[in-house]
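Every read-out reported here was derived from the displayed coordinates using simple, explicitly stated rules and does not represent laboratory data. Since the model is a prediction, treat every value here as computed from it, not as a measurement. Because the Cβ atoms are built from the backbone with ideal geometry, glycine has one as well, and the counts that use them run over all protein chains shown.
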Amino acid sequence: MEEKNKKKWPENLRDWQKSQSETYRTYIKTSAVGLEFALAIGISALIGYYLDQRFGGSPWGLIIGMLIGVLAGVKRLWIFSKEYLKKSDSDDDPT
């Protein structure tokens, strides 16, 4: 009986490690999407601000830059959500 438990323990450990690595991978991807969202808005806003200073169209460059950044961030979030839901559906499918 002890021998059975000894063989089972490494298998359970491997399963646990695999589930943990998948969880961490998901956390990292989610964090990356959040960072991309913030950077898209920030960089676009800075470009808009620069264009306002350069050509004197204040505040329209900043506003348009922020809108472009928000749209780019939402697009990236949409793509990530679709990929995540597709992966989640394939994980739940027993076939």
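Rounded if a/c is under 1.5, else prolate if a/b beats b/c, else oblate: with a ≥ b ≥ c from the C-alpha gyration tensor eigenvalues square-rooted, which is the stretch 2-92?
On the way: a/c = 10.32, a/b = 3.65, b/c = 2.82.
Prolate shape, in that a/c is at least 1.5 and a/b is the bigger ratio.
Output wanted: per-residue J couplings in Hz (rounded whole) for the stretch 18-29, from phi through Karplus 6.51 cos²θ - 1.76 cosθ + 1.60, θ = phi - 60°, x for Gly and Pro.
5, 5, 5, 5, 5, 5, 5, 4, 5, 4, 5, 5
If you look for lysine pairs in the chain that are eight or more places apart or on different chains, how many of them have Cα atoms under 25 Å apart?
14
Go ahead and run the numbers for FRET between TYR49 and LYS18, Cβ-Cβ distance against an R0 of 35 Å, rounding to 0.05. Mind showing how you got there, number by number?
On the way: r = 47 Å, r/R0 = 1.33.
It comes to 0.15.
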